[in-house]
1. Once the Cα gyration tensor of segment 1-112 is diagonalised, what are the square roots of 5 times its eigenvalues, in whole Å and ordered largest first, as equivalent ellipsoid semi-axes?
2. Average the reciprocal distances over every distinct pair of alpha-carbons in segment 42-94, invert the result, and give the Kirkwood radius in Å.
3. Within the set of other residues whose C-beta is less than 14 Å from the C-beta of Met94, count the net charge using Lys and Arg as +1 and Asp and Glu as -1.
4. Working out 0.36 nm times the residue gap between Asp128 and Arg101, then minus their Cα-Cα distance, what length gain in nm do you get to one decimal?
5. What distance in nm separates the simple spin-label points at Val110 and Thr162, each placed 7 Å from Cα in the Cβ direction?
6. Expressed as a rounded percentage, what relative contact order does segment 88-139 have, with Cα pairs under 8 Å and six or more residues apart?
7. So how compact is the chain: Cα radius of gyration and Dmax in angstrom?
8. Return the aspartates and glutamates within reach of Lys22: Cα separation strictly under 13 angstrom, same-chain partners fewer than 8 residues apart disregarded; answer none if there are no such residues.
Amino acid sequence: MSVVGIVPAAGAGERLGADVPKAFAVLGGRPMVEWSLDVLREVCDRVVVAVPADRTAPPDFVAGGATRSESVKNALDAAPEASVVVVHDAARPMVTVDLVRRCLDALDGVDGVIAAVPVTDTVKEVEDGEVVRTPDRGRLWAAQTPQVFRAEALRRAAGEATDDASLVEAMGGRVRVVEGMRENFKVTTPLDARVAEMLLAD
Ligand code: CTP
Ligand code: MG
């Protein structure tokens, strides 16, 4: 069994607004992506990173695509040996070895496992500035990465989505939820980067 880590790190980071692509912005004294690479390399046999086209370094740093889903696909295509895949965003540098292991351990009998946390805000569905629905908060979880899959389930799941699990779900795949960590938030805005600096300093 070959466990391959896939790290989408090819985004521009427009909302962060740094002068380099987000995954390469310095956070806690090093390029953001390196925090995740340290963790995944401890758990996986190999880690493939999808990066902007001018930062490739074969065989493990491959060119990403125009969308996150394309970047994941490019990295997956570079790892035909994978039987289990651990997808983890470069933009979540506070991930831990323990969380990745808990996701891998939960893959028994399902197609995928995602880390997620219960939603704390009440979420509204809005159209044209008006609320059309208020889903029951007690059933809502915010998806994170890591997201762990049987490689063949992810290979079959084509399309565009903001996470990989939704593509596997759309194919009828079973996806289990493991409780993630609030600290494992996605660094998206300058405020997120300030909070992440504090957490990575400990
Ligand atoms: N990502 C990727 N390829 C893309 C777009 C995103 O590999 N074409 C990666 C990002 O590098 C990031 C993760 O997917 O690690 C989550 O995406 P997001 O937080 O949206 O990052 P960016 O797209 O870089 O940020 P923004 O949307 O603000 O430009
Ligand atoms: Mg993006």
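Read-outs: derived from the displayed coordinates by stated rules, not from any lab. Keep in mind that what you see is a predicted model, and the values were worked out from it rather than measured. Quick reminder, even Gly has a Cβ in these numbers, built from the backbone with ideal geometry, and neighbours come from all protein chains shown.
1. Values: eigenvalues 105, 54, 28 Å².
Result for segment 1-112: semi-axes of 23, 16, 12 Å.
2. On the way: mean 1/r = 0.0868 Å⁻¹.
When all Cα pairs of segment 42-94 are included, the Kirkwood radius is 11.5 Å.
3. On the way: positive: Arg30, Arg92, Arg182, Lys186, Arg194; negative: Glu34, Asp38, Asp89, Asp98, Glu183, Asp192, Glu197, Asp202.
Surrounding charge for Met94 is -3.
4. Numbers: separation 27, 0.36 × 27 = 9.72 nm, distance 4.26 nm.
Gain on stretching Asp128 to Arg101: 5.5 nm.
5. The modelled label-to-label distance comes out at 2.1 nm.
6. Working: 29 pairs, mean separation 11.1, N = 52.
21 percent.
7. Over the chain's Cα set, Rg and Dmax evaluate to 16.6, 50 Å.
8. Glu14, Glu34, Asp89, Asp192
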